[in-house]
Each structure stands twice: as structure tokens, then as C-alpha cells.
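The values are calculated or read from the model by the stated rules, or taken from the named source; none is laboratory data. Values in this document were obtained by computation on a predicted structure and should not be read as measured data. Counting neighbours? That spans all protein chains shown, and the Cβs are built from the backbone with ideal geometry, glycine included.
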Amino acid sequence: MRVLTFFARLLVPLLIVAGLIADSGLERAVPEASEIQVFDTESSISGSSALTSTWYCPTAHSRELAESGIDAEVDLLVTNTSAEPTRVTVYLVSPTSPLESIYLEVPGLASRSLPIAEYTDDELVSALVEAPSSGVAVTRSIRSPYGLDAALCSSLVADEWYVLSADTQADASGHLVIYNPLPTDAVIDLTFASEAEVGSYAPSELTGIVIPAASSLSIRLDDNVRRRQLLTAVVKARFGRVVVDHLQTFNGSSGRVGFSATLASATRSASWHHPALRLEKDERVALVLFNPTEFVAETELQISSGEGKVKSVFASVGPFDLTGINILPLEDEELATNTLFVSPGNFGITVKSLNGVPIVSAAELGAGPIGSPGQESDDSELLEPQEESEKVELPKGRVSGLSILNGTPEGSGTWMLAAPNLGGQMLISVLNTSGRGEDVYLSRFGDRANYRVNVPGNSMRQLSVGTGGTWEIKSEVPIAIAALHQKTLAAGLMSIAPVKFGVEE
């Protein structure tokens, strides 16, 4: 009996210690403010106090070879937002050719397009753009056999980049283009998260990769990563800093067809805005939320329309994991997890982390047939797989497209939107991220026509305008903007992201 009493007394303090440990572990689910790292590393146009402008474009030209690469032709769109003309130098950087320089005169308050394919036919080319003045911005229009898209260049280099909404299924091909513009080598590691695993994983063959100084590397995801419907990638530099593009294609063998080009995000934030979303017949929309921290992120997704906030849904994102949110028509509403039902038309979404854990968010938009491996479209909508030497020819008169667009982490009062001249109309969407209604002014460089749109608080408005030209968009309250363009009866869904003006110091 005394032995039992002895062990019982010994057990009490052990249980107390175990309880304290368990309690401490539970508390770790709620991060301290000092443990939360928010990275605000968005590109911006340098203000008048800056002496120069520098932009980095990972993909300036790409050519598909037998075992690598992807066909992509790029037009650089160089915009001068200052009143004085400037002379821009474009350096073409290739792992297989000497550095080449191109000089471009850009008048004040104007844009100039530079088709890179006229200067090089290398397998992979990146671009470094420099101007001896402030106020210059660089964006891209990128064409592939499966469609076209617009992408930003970056005004910064970073040691960590987030790639959202990758797909490695049988009908998909995804590439990361990693550009090191610095004079020293960079060493990077890649980690991935998918909807099929909990947390992240790191393939050994994608660990410790050296990116030589002033060079680029293209990595084909479907050659190195498991087949997954939804995948995120983190590119982290052990040494040096880099810039990253994500190129994604669907080849039509299961139905869906499209091409997307996206500059990866170097920002983690507790709020994200998606102002230009649309769901109509034969269109699809999805959001991807990625949590780059060790804490669970509790998020709220708020839908905005012209009448303000319409509804909200909630979603949790585990540590170093992702959550995909399907957005479906309201007529299909049913009980389903990680699904948001909306009325047809245009809308915006704001994603907020309720417990302050920073996340990364992107939207994927698609048009045309929706078939994917295991859920193929009708045979009439399938495309025959192409041989490597064959030219891809898409069905004439069929609408298709893919575009992946990162969210906007913070609203701003002044934006620039540079749109390629594609013909037809594009839709500029403005989301008022504040609670106060305010007028928004839109003006196109070289055009006397100005537009004024009143946008109520937490609401959105759209403006249909012709494509082409550079727009300056201003408001007294923070706003988020983006534009959409779908080629008429053809392949090509384009999301056009803006660039914010830097804060004057």
C-alpha cells in the first residue's frame, strides 16, 4: 500500500509538469506580436528624390527545346511617368550568350514597347532595365502558343519568393524562372506545399541550387515535383538575392487551355485585396491562400460588389501549408468546405488574417473548357497532344485562357496601369479598401479624356475602356486596382496588375 501511495505522490508533480508543457504548446498556436514577420516588399515607381530607376525581368524571352524551356515571346513596356524624356538601357542577360545592350528613348508621360524577339533567339533571356532618372516603370506582355498574359517586372531583389497556384497534372506544365542580377552567385532552396500533403516538403534535387552571378535558370516543376492539382513553391536564397517568375500552361489534352505569366510575390501580409474577379458562363475563379509561418492563420474572405460587402466566409490555413478556395455560381450553392458562392458578374475579394498571422494570396482565373485529368471535357473539346516539332494550333473561334494574379497587400492612393494594345475593351476594376466613399480619378497619358468614378467604402466599380496606353489612377483614400481583358472568340485571358508610386522621402 505504501508503495502505491509513493507512486501516486510521485505521479502528481509529473502530471503538473506535463500539463504545463501541454499548456505551453497550446499557447504557441496564438503568436506573439513580436513573432509575426510581415514582409512588405512590393515593387514601386521611384519618386522624384531618387536619381535612377532599375527593374528586373526574369523572363524576357524563352524558347522550348527538346527537354527544357517554354515558348514565350515578350514585349517590354517601358513607361516614363515624369514630364522629362529619358534614355533607358535594356541589358539582355542569357546563360548562353554575352550581355547585349539596347537603348530606348522614352518621352515624358509616355510608354514605349520593345519586342525582345527582334534582338535574340536564345533559349532563356532575362532583362535588366536601367534609367538615369526616377519615375520609370517596366511591365511585360508575354505570348505563348497557348495564350497570352501580362506580368510585372520587379523593382527589387529579395531572398524569399512565393509562387502560388502552380499545377503539375498531366495536361499542365509549370516553370520557375529564377534570375540573379547581382555580381555574386546565389544559392537557393525550393520547398513546396500542396493540397494532398500537410505542411511543406523539399525535394533533395531542388536544394542548394547555384544561380551564377548575372544569370538565370529555368526549372520545370512537373519534372521535379509530384503530380498535384494545386501547388505552392517557396524560393529561398541561402546566399544572395534573386527575382522569380512563374510560367504555367494547360495544353488542352484534358480540355482546359491557357497560359499564365506571373511575377512571384516577395510579400507576406495580414490582408490582401483582389479587385478584378469575374465569374460568367464558361469561366472559373479560385483563390489560393498560403501560410509561410509556423502558426495557424485564421482568415476571413469578404466579397465586395457595387453595393459594398456582400458576404463573408472563413478558412483556416495550417503552418507552411495552403488552402484553395473554389468560387462557384450562386445557383450551385450547397454545403461545402473551402467554397465560396457568388452571383454571376464582377466582384472583388478582401482576405484578412483575423489573428494577425501573415499569409500570401493569389487568384486564378480561367475561361473556356474546364476539363482536367480525371474530369476531362467532352471529346469535341480535347486537343491532340503536340509533337515537340509541331506548331501548336488552337481551334479558331474558341474562347480560352488562364491568368494567375497575386493579390494587392495594401491599398494605395496613386497607381499606374500600363496596358498593351490588344484591340477591343478591357475592364478596369477599382476596390475601395477604406470604409469611406471617395471619388477616383483615371487619366490616360496623352489623352485629354479624364474619368471620375465615385466608389463607396468597401465597394468596387468598373470602367470599360479601350486597351493600350498608360493610366494614372488617384484617390484620396487607399484603393486596389487591376484590369481584365479577354480576346474575342480566341485564346488569351489577361490580368493586368498595376504598379504603385513610391512614397516620397
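Confirm whether F341 is free of Cβ contacts under 8 Å to residues at least 24 places away in the same chain, among the aromatic types (F, W, Y) and under 26 Å from V163 (Cα atoms).
Numbers: free of Cβ contacts under 8 Å to residues at least 24 places away in the same chain: yes; among the aromatic types (F, W, Y): yes; under 26 Å from V163 (Cα atoms): yes.
For F341, the condition - free of Cβ contacts under 8 Å to residues at least 24 places away in the same chain, among the aromatic types (F, W, Y) and under 26 Å from V163 (Cα atoms) - is met.
Can you name the residue in segment 83-108 that is hydroxyl-bearing (S, T, Y) and either in a strand (DSSP E or B) or at pLDDT 95 or above (or both) and, of all such residues, is farthest from K500 (Cα to Cα)? I'd like the intermediate steps shown before the answer.
Our first condition is that a residue be hydroxyl-bearing (S, T, Y); within segment 83-108, this holds for 86, 89, 91, 94, 96-97, 101, 103.
Narrowing the set further to residues that are either in a strand (DSSP E or B) or at pLDDT 95 or above (or both) leaves 86, 89, 91, 94, 97, 101, 103.
On the way: T86: 20, T89: 22, Y91: 24, S94: 29, S97: 34, S101: 27, Y103: 25 Å.
Here the residue is S97.
Output yes when any residue across segment 310-326 is hydroxyl-bearing (S, T, Y), at pLDDT 95 or above, within 24 Å of S412 (Cβ to Cβ) and out of contact with any Leu (no Cβ under 9 Å at 6 or more places or on another chain), and no when none is. Lay out the reasoning, then the answer.
The first filter runs over segment 310-326 and keeps only residues hydroxyl-bearing (S, T, Y), leaving 312, 316, 323.
This time we only want the ones that are at pLDDT 95 or above, so: 316, 323.
When the remaining residues are screened for being within 24 Å of S412 (Cβ to Cβ), the result is none.
Within segment 310-326, not a single residue is hydroxyl-bearing (S, T, Y), at pLDDT 95 or above, within 24 Å of S412 (Cβ to Cβ) and out of contact with any Leu (no Cβ under 9 Å at 6 or more places or on another chain).
Is it fair to say S464 is more than 21 Å from the chain's Cα centre (by Cα) and either farther than 29 Å from T267 by Cα or surrounded by fewer than 20 Cβ atoms within 10 Å (Cβ to Cβ) (or both)?
On the way: more than 21 Å from the chain's Cα centre (by Cα): yes; either farther than 29 Å from T267 by Cα or surrounded by fewer than 20 Cβ atoms within 10 Å (Cβ to Cβ) (or both): yes.
In short, yes.
Look through L335, L422, L394, L322 and report the one residue that is out of contact with any Cys (no Cβ under 8 Å at 6 or more places or on another chain) and assigned to a strand (DSSP E or B). Before you say what the answer is, go through the steps one by one.
Numbers: L335 fails: assigned to a strand (DSSP E or B); L422 fails: assigned to a strand (DSSP E or B); L394 fails: assigned to a strand (DSSP E or B).
None of the other options fit; the residue is L322.
Between residues in segment 119-134 that are without any contact (Cβ under 8 Å) to a residue 40 or more places away in the chain and on the phi < 0 side of the Ramachandran plot and residues that are in a strand (DSSP E or B) and surrounded by fewer than 20 Cβ atoms within 10 Å (Cβ to Cβ), which pairs lie under 9 Å by C-beta distance while being six or more apart or on different chains?
Qualifying pairs under 9 Å: Y119/E100; Y119/I102.
Starting from residues that are of a type in the set (S, T, N, Q) and at pLDDT 95 or above, keep the ones in segment 413-432 and report whichever is nearest to S43 (Cα to Cα). Walk me through how you get there before you give the answer.
Start the filter on segment 413-432 by keeping residues that are of a type in the set (S, T, N, Q), which leaves 414, 421, 425, 429, 432.
Checking which are at pLDDT 95 or above leaves us with 414, 429, 432.
Numbers: T414: 13, S429: 20, N432: 21 Å.
The selected residue is T414.
Does any residue in segment 206-221 that is within 14 Å of E123 (Cβ to Cβ) come within less than 7 Å, Cβ to Cβ, of a residue that is among the small types (G, A, S) and not in a strand (DSSP E or B) six or more places away or on a different chain, and which pairs are these?
Sorted first by the residue in segment 206-221, then by its partner, the pairs are S218/S68; S218/G69; R220/S68.
Look at R256 and say whether it is surrounded by fewer than 23 Cβ atoms within 10 Å (Cβ to Cβ), among the charged types (D, E, K, R) and in contact with a strand residue (DSSP E or B) (Cβ under 8 Å, 6 or more places away or on another chain). So that I can check it myself, show each step before the final result.
On the way: surrounded by fewer than 23 Cβ atoms within 10 Å (Cβ to Cβ): no; among the charged types (D, E, K, R): yes; in contact with a strand residue (DSSP E or B) (Cβ under 8 Å, 6 or more places away or on another chain): yes.
In short, no.
Looking at segment 171-182, is at least one residue small (G, A, S), more than 16 Å from the chain's Cα centre (by Cα) and under 30 Å from R444 (Cα atoms)?
Pass one, segment 171-182, residues small (G, A, S): 172-174.
Then keep just the ones that are more than 16 Å from the chain's Cα centre (by Cα); that gives 172-173.
From what's left, under 30 Å from R444 (Cα atoms): none.
No - not one qualifying residue is present in segment 171-182.
Do we have K281 as surrounded by fewer than 16 Cβ atoms within 10 Å (Cβ to Cβ), outside any strand (DSSP E or B) and not small (G, A, S) here?
Numbers: surrounded by fewer than 16 Cβ atoms within 10 Å (Cβ to Cβ): yes; outside any strand (DSSP E or B): yes; not small (G, A, S): yes.
Yes, satisfied.
State yes or no: is D75 closer than 27 Å to I211 by Cα, not in a strand (DSSP E or B) and not polar (S, T, N, Q)? Please lay out each step first, then the result.
Numbers: closer than 27 Å to I211 by Cα: yes; not in a strand (DSSP E or B): no; not polar (S, T, N, Q): yes.
Against the criterion (closer than 27 Å to I211 by Cα, not in a strand (DSSP E or B) and not polar (S, T, N, Q)), D75 does not qualify.
What are the residues in segment 283-316 that are under 21 Å from L335 (Cβ atoms) and among the hydrophobic types (A, V, I, L, M, F, W, C), if any? It would help to see each step written out before you state the result.
From segment 283-316, those under 21 Å from L335 (Cβ atoms) are 284-287, 289, 298-303, 310-316; that's our starting set.
Scanning segment 283-316 gives V285, A286, L287, L289, L301, I303, V310, V313, F314, A315.
Which residue pairs have Cβ atoms closer than 6 Å, lie 6 or more positions apart in sequence or on different chains, and pair a first residue in segment 354-371 that is among the polar types (S, T, N, Q) with a second residue that is assigned to a strand (DSSP E or B)?
Final answer for the pair search is N355/E298; S361/W272; S361/L289; S361/V351.
Which residue, of S304, S312, is among the hydroxyl-bearing types (S, T, Y), surrounded by fewer than 21 Cβ atoms within 10 Å (Cβ to Cβ), part of a strand (DSSP E or B) and in contact (Cβ under 8 Å) with a residue 12 or more places away in the chain? First the steps, then the outcome.
On the way: S304 fails: surrounded by fewer than 21 Cβ atoms within 10 Å (Cβ to Cβ).
Only one candidate qualifies: S312.
Would you confirm whether or not segment 384-396 contains a residue that is surrounded by 10 or more Cβ atoms within 10 Å (Cβ to Cβ), hydrophobic (A, V, I, L, M, F, W, C), modelled with pLDDT of 90 or more and in contact with a Gly (Cβ under 9 Å, 6 or more places away or on another chain)?
No, segment 384-396 has no match at all.
Conditions first: (1) closer than 16 Å to E130 by Cβ; (2) at pLDDT below 50. I21 passes all but one, so which condition is the exception?
Going through the list (1) closer than 16 Å to E130 by Cβ; (2) at pLDDT below 50, I21 breaks only (1).
So which residues in segment 247-278 are not in a strand (DSSP E or B) and not hydrophobic (A, V, I, L, M, F, W, C), if there are any at all? Reasoning before the result, please.
The first filter runs over segment 247-278 and keeps only residues not in a strand (DSSP E or B), leaving 252-256, 264, 266-267, 270.
Residues satisfying the conditions are G252, S253, S254, G255, R256, T267.
Mind checking which residues of segment 153-165 are surrounded by 24 or more Cβ atoms within 10 Å (Cβ to Cβ) and modelled with pLDDT of 95 or more? Walk me through it before giving the result.
Start the filter on segment 153-165 by keeping residues that are surrounded by 24 or more Cβ atoms within 10 Å (Cβ to Cβ), which leaves 153-154, 161-165.
Across segment 153-165, the qualifying residues are C153, S154, W161, Y162, V163, L164.
Residues that are out of contact with any Lys or Arg (no Cβ under 9 Å at 6 or more places or on another chain) and farther than 26 Å from S403 by Cα: list the strands (runs of 3 or more DSSP E) wholly contained in segment 444-505 that include at least 1 such residues.
Working: elements: 450-455, 460-466, 469-486, 493-496, 499-501.
Because the criterion is at least 1 residues that are out of contact with any Lys or Arg (no Cβ under 9 Å at 6 or more places or on another chain) and farther than 26 Å from S403 by Cα, the strands (runs of 3 or more DSSP E) in segment 444-505 that meet it are 450-455, 469-486.
How many residues are more than 15 Å from the chain's Cα centre (by Cα) and either among the β-branched types (V, I, T) or in a loop (DSSP other than H, G, I, E, B) (or both) when one looks only at segment 156-170? It would help to see each step written out before you state the result.
Initial filter on segment 156-170 (more than 15 Å from the chain's Cα centre (by Cα)): 156-159, 168-170.
Next, from what is left, pick out any that are either among the β-branched types (V, I, T) or in a loop (DSSP other than H, G, I, E, B) (or both): 156-157, 159, 168-170.
Qualifying residue count for the region: 6.
Out of all the residues in segment 370-380, is one or more in a strand (DSSP E or B) and within 30 Å of G306 (Cβ to Cβ)?
Keep residues of segment 370-380 that are in a strand (DSSP E or B), which gives 372, 375.
Checking the rest, the ones that are also within 30 Å of G306 (Cβ to Cβ) come to none.
No, there is no match, as no residue in segment 370-380 is in a strand (DSSP E or B) and within 30 Å of G306 (Cβ to Cβ).
Go through segment 171-183 and report how many residues are part of a strand (DSSP E or B) and not β-branched (V, I, T).
To start, the set of residues in segment 171-183 that are part of a strand (DSSP E or B) comprises 172-180.
Within this subset, residues satisfying the condition of being not β-branched (V, I, T) are 172-176, 179-180.
Qualifying residue count, segment 171-183: 7.
Does segment 109-127 include one or more residues that are touching a helix residue (DSSP H, G or I) at 6+ places or on another chain (Cβ under 6 Å) and either part of a strand (DSSP E or B) or closer than 21 Å to L405 by Cα (or both)?
Taking segment 109-127 first, the residues touching a helix residue (DSSP H, G or I) at 6+ places or on another chain (Cβ under 6 Å) are none.
There is no residue in segment 109-127 that is touching a helix residue (DSSP H, G or I) at 6+ places or on another chain (Cβ under 6 Å) and either part of a strand (DSSP E or B) or closer than 21 Å to L405 by Cα (or both).
Considering only segment 219-236, I want to know if a residue exists there that is surrounded by fewer than 19 Cβ atoms within 10 Å (Cβ to Cβ), polar (S, T, N, Q) and under 21 Å from G374 (Cβ atoms).
Scanning segment 219-236 turns up at least one residue that is surrounded by fewer than 19 Cβ atoms within 10 Å (Cβ to Cβ), polar (S, T, N, Q) and under 21 Å from G374 (Cβ atoms).
Determine whether segment 184-207 contains at least one residue that is crowded, with 24+ Cβ neighbours inside 10 Å and outside any strand (DSSP E or B).
Scanning segment 184-207 turns up no residue that is crowded, with 24+ Cβ neighbours inside 10 Å and outside any strand (DSSP E or B).
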